[in-house]
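Have a look at the structure below, then the notes.
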Amino acid sequence: MARIIVIGGNFAGLTSALELRRKLGHGHEIIMFSKSPNFLFVPSLIWLPFGKRQLKDITVPLKPLAAKARVQFICSEITEILAKDRFIRCGDKDFEYDYLIIATGPEWIFDQITGLSLNSNVVVYRHSRNGAGN
């Protein structure tokens, strides 16, 4: 049984966790970390300043979504990735992993997470506009 950790709870992170569960079944442990307890539907943010939507209209709590899919959800920020040792640090707790998915947004954050770099053994996949990964 593999332990798969997904960092990020918005589009990429949530989709990754749910699709992994769907495709792999229940023989593997999937843990999703997000510093926010809610999924935010970012495309609808434009409607907030105009009063067309309220924040409650474009957010969904992650915990029930994850629980329904039997994905463990931890609402906490990752403070360190120790890629060589295959574990992440979340506050004062360490979590070992077999596979790590970092889905925290569209920008590189190498300077913010210790152990994360282009030369680390953490695979970071970036989707380009033409559909090719690099």
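The values are calculated or read from the model by the stated rules, or taken from the named source; none is laboratory data. All of these numbers come straight from a predicted model, not from anything done at the bench. Positions of Cβ are generated from backbone atoms using ideal geometry, with glycine treated the same way; all protein chains shown enter the neighbour counts.
If the condition is being without any contact (Cβ under 8 Å) to a residue 24 or more places away in the chain and assigned to a strand (DSSP E or B), then segment 82-91 contributes 87, 89. Considering segment 18-81, the qualifying strands (runs of 3 or more DSSP E), each wholly inside and each with 1 or more residues that are over 12 Å from the mean Cα position of the chain (by Cα) and not polar (S, T, N, Q), run over 29-34, 38-40, 59-61.
The one condition from (1) aromatic (Phe, Trp, Tyr); (2) surrounded by 13 or more Cβ atoms within 10 Å (Cβ to Cβ); (3) over 24 Å from residue 91 (Cα atoms) that residue 50 does not meet is (2). Tell me, which residue of segment 61-88 that is modelled with pLDDT of 95 or more and of a type in the set (D, E, K, R) is farthest from residue 22 (Cα to Cα)? Looking at residues that are modelled with pLDDT of 95 or more and of a type in the set (D, E, K, R), I get 63.
Within segment 2-34, the only residue that satisfies the criterion of being among the small types (Gly, Ala, Ser), surrounded by 15 or more Cβ atoms within 10 Å (Cβ to Cβ) and more than 18 Å from residue 59 (Cβ to Cβ) is 16.
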